[in-house]
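Report on one structure; see the data block that follows.
The values are calculated or read from the model by the stated rules, or taken from the named source; none is laboratory data. Nothing here was measured: the structure is a model prediction, and the numbers come from that model. FYI the Cβ positions are ideal-geometry reconstructions off the backbone, even for glycines, and counts take in every protein chain you see.
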Amino acid sequence: MRRRSVLIGLLAGGATLATSAVAWAGPTKVEVQLGNPRTQVGQGVYVQVVVTAEGDGELSEPEFPELDGVQIVEQGTSFQSSMSFGTGQRMTRSVNKTFEYLLIPQKPGKFELGVTVSVGGKKIRPKRVPVLEVGGEAAVVAPEEAQADARPTSSDAEVFLWPTVDADVVYVGQPVLFQFEIWERTNADVQLRTMPSFDDFWVEELEAGRRRRDMVAGVPYRVHPLLERVLFPQKAGKLTIGGGEVLVTPHGGLGLLRPRRRRAPYQVPGKPIAIEVRPLPAEGQPPGFAANNVGKFAINSAVDRTKVEQGEGLTLTLTIEGTGNMRLVEPAEWPELSGLRRYDPTVDFKLTVSGGEVGGTRTYEFLLVAEGAGTIEIPPHSLVYFDPDTEEYVVAKSDPIRIEVEGDPNAAPTADADLEETNTEDESELLADIFEADALSRSNPEPAWLTRSRWLTGAAGVPATIGAGLAVRAIHQRITGDEASQRRAAQAAKRREAIERARGALASGDGFHGALAGLLQDVAVDRAGPEGVGLPRARLLDLLRERGVAGVEVEKLRELLDTCDAARFGAGGSDEGSRRELFHAAQALIESSAWKGGHG
Amino acid sequence: MRARLLALCLAALVFGMPGQVRADAVDDAFARGNELARAGDWAAAIEEYEQARKLLPGRSALLSYNLGTAYAHVGETGLATFHLRRAVQRDAEPSDEIVEAARRNLGILQRRAELDAASAGAQISPPESWWDRVGVALAAQGMGWLTLVCGWMAVLLLVVRTLRTRAGKGAPAANALALVLGAIFLLGGSVHALAAWSDEGAPRAIALDTKLEVREGPGKHRKISFVLQGGSRVRVVDTSPGWSKIRLDGGLVGWVPERAVGRLDARTATTAAAAPKPGAE
């Protein structure tokens with residue numbers, strides 16, 4: 001018990017010691033290490049900020065002072081931690097955190113790297129503030145005049161960016177295909193840092209091509225297509241496409257004989273290019289002309305069916321095909337439709353680049369509802385565009401379409417209108433009006449009595465009752481027997497009685513033949529059925545044959561009956577032996593299967 | 001004695017007043033709604049009608065009809081359809097005039113919803129067919145009673161036939177009638193059970209939002225399967241907290257927020273209360 005309390009005490013003490021070291025306790029140090037104190041504009045320099053502290057707590061990322069003209073790129077963080085126990089049995093936790101950055105100067109000058117790190121809420125600065133000295137000149141890149149499909153001619157640079165356009169002089173709204181590629185012949189990673197800018201252009205993105213190899217002045221280069229865009233100038237004048245820039249990170253050597261030297265990345269700017277954009281000619285320009293209708297277009301219309309019933313809907317599809325800005329192309333105002341109600345269309349478009357030309361299709365799908373009856377014509381739809389090749393304004397038109405509308409005598413008369421805004425109002429007028437009452441009629445319906453379980457019980461009761469009835473009847477029959485079995489039992493009893501009477505008269509012969517004849521007659525009538533009752537003997541025997549009794553059996557019966565008659569009514573008497581023989585013959589006949597069962 | 005009488009009067013006042021007050025408030029809100037509707041301020045009328053509906057303890061075909069019609073005027077097809085359908089339900093005890101007017105408005109709403117759905121590419125339930133009406137009739141209480149009565153009448157006739165046979169008298173008419181009633185019981189009972197069980201397992205509901213995004217699973221992060229037009233008839237086949245799985249007549253299924261569908265079998269139209277107010281956007 002005592003040992004246990006000592007152990008608990010030790011554990012509690014350890015926990016106290018551990019928790020006492022939570023805050024930053026020891027000295028904290030911030031060190032800034034510059035990869036190279038001198039560099040050139042565009043040439044990157046690595047910087048490491050190493051923070052060493054003892055204890056535990058919050059440690060912020062370094063904050064750089066405002067370095068105008070230096071890009072700072074985070075490269076990563078590494079972290080080391082160690083525990084040690086001093087002479088006073090106090091546990092010490094040491095932390096060493098390294099932050100790495102890449103500095104890319106954009107202009108010459110001297111830059112002090114006065115980094116600050118917040119450790120446990122306290123701002124720590126390095127004892128020594130390094131200074132980065134940047135030489136060279138700031139890259140002032142003036143836009144060059146674009147040349148259609150120009151190719152690089154100089155192989156001086158290991159890495160360069162190459163923008164191309166397929167046209168250098170265009171009209172407002174005329175498409176220009178722009179491609180942006182990196183050409184390189186160095187063992188390095190090339191990363192796009194800044195995208196080219198497309199101010200004053202409407203841009204459609206295309207899928208860039210695949211990597212290839214090409215030659216510049218006899219020097220092989222790897223060409224990486226980065227971007228492919230269709231540009232639609234939105235204003236006239238000299239429009240500039242920004243150059244963009246890439247960061248090249250050279251790979252180190254193999255480092256077999258000496259340690260691999262790490263080379264800092266450098267920045268390669270692209271050259272901006274300017275294209276000349278002409279305004280659309282004022283001469284012949286229709287009023288309200290849509291500035292993006294520049295190119296070559298055709299317009300077609302079609303309906304899904306030409307025969308409908310009054311009040312029925314149909315779909316009108318309007319397709320614009322050609323080259324130009326398919327997303328922004330605007331057809332002329334929709335023509336007035338007489339006898340048809342038109343709803344806002346669903347619009348779809350598809351951009352394609354084929355043979356260096358940018359175009360595609362734009363589709364409008366209208367829902368039309370036939371309001372009038374008879375032959376209704378959908379007038380042509382039109383599109384006015386400027387053709388830059390012929391430098392003329394052109395009107396494209398679709399063909400008119402005729403629709404046969406079968407009249408519906410029950411259709412409500414509707415005005416010839418294609419205005420959707422009026423649609424709701426019209427129908428609102430058709431809505432039945434509200435009802436007014438002095439007091440609100442109320443109903444407080446009780447839950448229905450016939451619930452599912454009650455219905456199920458009631459329904460199951462029907463077959464259950466029938467089944468129970470049948471069961472009771474079967475049991476009753478088993479106990480009391482039914483009419484037929486009762487009749488059969490009575491007959492059997494009657495026969496047994498007649499047999500016993502005949503048997504009793506065997507010795508004396510008194511009434512023997514009468515009893516036996518009556519018994520045989522009953523057997524015959526039973527076998528013949530109700531029709532045999534009261535028939536003369538000859539007719540009864542014929543009926544027995546008709547009932548399927550074998551002729552031999554019928555003849556036996558006739559003989560037995562004749563013998564009985566002869567004994568009863570004839571002169572000759574009979575002895576006991578002949579009576580016994582007659583009795584046995586009659587008994588054999590009765591027990592024969594031919595006489596079992598009855599008819600009816 | 002006098003003190004006791006006074007106490008009784010006070011108790012009657014305390015316990016009797018709230019019901020009376022509430023009834024007056026319902027009628028007042030309804031009257032205000034009617035007045036605003038007459039003035040063409042449908043959005044304000046809806047607020048009054050909704051207030052009356054919240055206070056009303058039971059059902060009122062008249063209130064449901066006026067509320068549905070007001071929603072129809074502001075273009076809330078889903079809510080309008082829901083309340084108009086509630087107005088024609090037997091439980092609401094609608095008059096013939098209300099049924100006729102509600103059916104007319106429902107027809108207009110259906111047409112409006114079909115056109116909206118066609119122009120927006122939204123899914124919509126097909127128009128109600130005779131088969132749907134047969135389904136409703138088969139699941140109705142009347143059908144349940146009919147089958148039960150037929151079944152027990154058949155049992156009675158069988159008993160009569162047995163007694164007459166035992167007495168030596170034939171009962172051919174009773175035999176034939178029992179056969180017919182038995183057949184009605186068996187066939188009618190089977191289809192009634194199927195229809196009623198189907199209604200209970202997948203209750204009927206109406207899409208309340210004008211355009212309802214139906215998702216592949218319960219959650220807003222799930223992909224949208226299709227867009228459903230407000231006013232569409234659906235069945236609620238499953239539920240998850242805050243979400244309902246719905247099925248259209250065509251077989252399309254998906255999940256929607258629970259408040260976005262109004263169940264027609266609800267005792268009170270509580271679902272609609274959570275729907276956005278018209279003119280809120």
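Identification of strands (runs of 3 or more DSSP E) wholly contained in the stretch A:312-364 with 1 or more residues that are within 19 Å of A:VAL294 (Cβ to Cβ) yields A:313-324, A:346-354.
The residues of the stretch B:208-240 that are among the β-branched types (Val, Ile, Thr) and closer than 15 Å to B:GLN123 by Cβ, listed by number, are B:THR210, B:VAL214, B:ILE224, B:VAL227, B:VAL234.
For the stretch B:171-217, a tally of residues being buried (at least 18 other Cβ atoms within 10 Å of the Cβ) and within 14 Å of chain A (Cβ to nearest Cβ) returns 12. Filtered by the rule that a residue be surrounded by 14 or more Cβ atoms within 10 Å (Cβ to Cβ) and either over 52 Å from the mean Cα position of the chain (by Cα) or assigned to a strand (DSSP E or B) (or both), the stretch A:140-168 gives A:GLU144, A:ALA148, A:SER155, A:VAL159, A:PHE160, A:LEU161, A:TRP162, A:PRO163, A:THR164, A:VAL165. Kindly evaluate B:GLY231 against the criterion of being in contact with a Cys (Cβ under 8 Å, 6 or more places away or on another chain), at pLDDT 85 or above and either within 14 Å of chain A (Cβ to nearest Cβ) or under 30 Å from A:SER453 (Cβ atoms) (or both). Against the criterion (in contact with a Cys (Cβ under 8 Å, 6 or more places away or on another chain), at pLDDT 85 or above and either within 14 Å of chain A (Cβ to nearest Cβ) or under 30 Å from A:SER453 (Cβ atoms) (or both)), B:GLY231 does not qualify. If you scan the stretch A:429-485, which residues turn out to be more than 7 Å from chain B (Cβ to nearest Cβ), hydrophobic (A, V, I, L, M, F, W, C), surrounded by 11 or more Cβ atoms within 10 Å (Cβ to Cβ) and over 22 Å from B:VAL191 (Cα atoms)? A:ALA468, A:LEU470 - these are the residues of the stretch A:429-485 that are more than 7 Å from chain B (Cβ to nearest Cβ), hydrophobic (A, V, I, L, M, F, W, C), surrounded by 11 or more Cβ atoms within 10 Å (Cβ to Cβ) and over 22 Å from B:VAL191 (Cα atoms). Looking for whichever is within 21 Å of B:GLU50 (Cα to Cα) and either modelled with pLDDT of 85 or more or in a helix (DSSP H, G or I) (or both) here; the options are B:ALA272, B:ALA280, B:ALA266. Which one fits? Selected residue: B:ALA272, the only one of B:ALA272, B:ALA280, B:ALA266 that is within 21 Å of B:GLU50 (Cα to Cα) and either modelled with pLDDT of 85 or more or in a helix (DSSP H, G or I) (or both). Scanning the stretch A:248-283 for residues that are among the aliphatic types (A, V, I, L, M) and at pLDDT 85 or above, which turns out nearest to the chain's Cα centre (by Cα)? Looking at residues that are among the aliphatic types (A, V, I, L, M) and at pLDDT 85 or above, I get A:VAL248. Does the stretch B:128-135 include one or more residues that are modelled with pLDDT of 85 or more and either surrounded by 19 or more Cβ atoms within 10 Å (Cβ to Cβ) or among the basic types (Lys, Arg) (or both)? No, the stretch B:128-135 has no match at all. Number of residues in the stretch A:178-200 that are over 22 Å from A:SER155 (Cα atoms) and touching a Lys or Arg at 6+ places or on another chain (Cβ under 8 Å) equals 3.
Conditions (1) among the basic types (Lys, Arg); (2) part of a helix (DSSP H, G or I); (3) touching a residue at least 12 places away in the same chain (Cβ under 8 Å); (4) at the interface with chain A (Cβ under 7 Å from one of its Cβ atoms), marked per residue:
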{"position": "B:ASP24", "(1), (2), (3), (4)": "no, yes, no, no"}
{"position": "B:LEU36", "(1), (2), (3), (4)": "no, yes, yes, no"}
{"position": "B:GLU50", "(1), (2), (3), (4)": "no, yes, yes, no"}
{"position": "B:LEU63", "(1), (2), (3), (4)": "no, yes, yes, yes"}
{"position": "B:GLY68", "(1), (2), (3), (4)": "no, yes, yes, no"}
{"position": "B:GLY75", "(1), (2), (3), (4)": "no, no, yes, yes"}
{"position": "B:LEU79", "(1), (2), (3), (4)": "no, yes, yes, no"}
{"position": "B:ASP91", "(1), (2), (3), (4)": "no, yes, yes, yes"}
{"position": "B:ARG104", "(1), (2), (3), (4)": "yes, yes, no, yes"}
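The condition of being over 24 Å from B:ALA140 (Cβ atoms) and free of Cβ contacts under 8 Å to residues at least 60 places away in the same chain holds for B:ALA174.
Residues of the stretch B:89-107 that are surrounded by fewer than 18 Cβ atoms within 10 Å (Cβ to Cβ) and under 11 Å from B:THR77 (Cα atoms): none at all.
Going through (1) within 14 Å of another protein chain (Cβ to nearest Cβ); (2) under 31 Å from the mean Cα position of the chain (by Cα); (3) modelled with pLDDT of 85 or more; (4) surrounded by 16 or more Cβ atoms within 10 Å (Cβ to Cβ) one by one, A:GLY313 falls short only on (3).
Filtered by the rule that a residue be modelled with pLDDT of 85 or more and buried (at least 19 other Cβ atoms within 10 Å of the Cβ), the stretch A:19-40 gives A:VAL30, A:VAL32, A:THR39.
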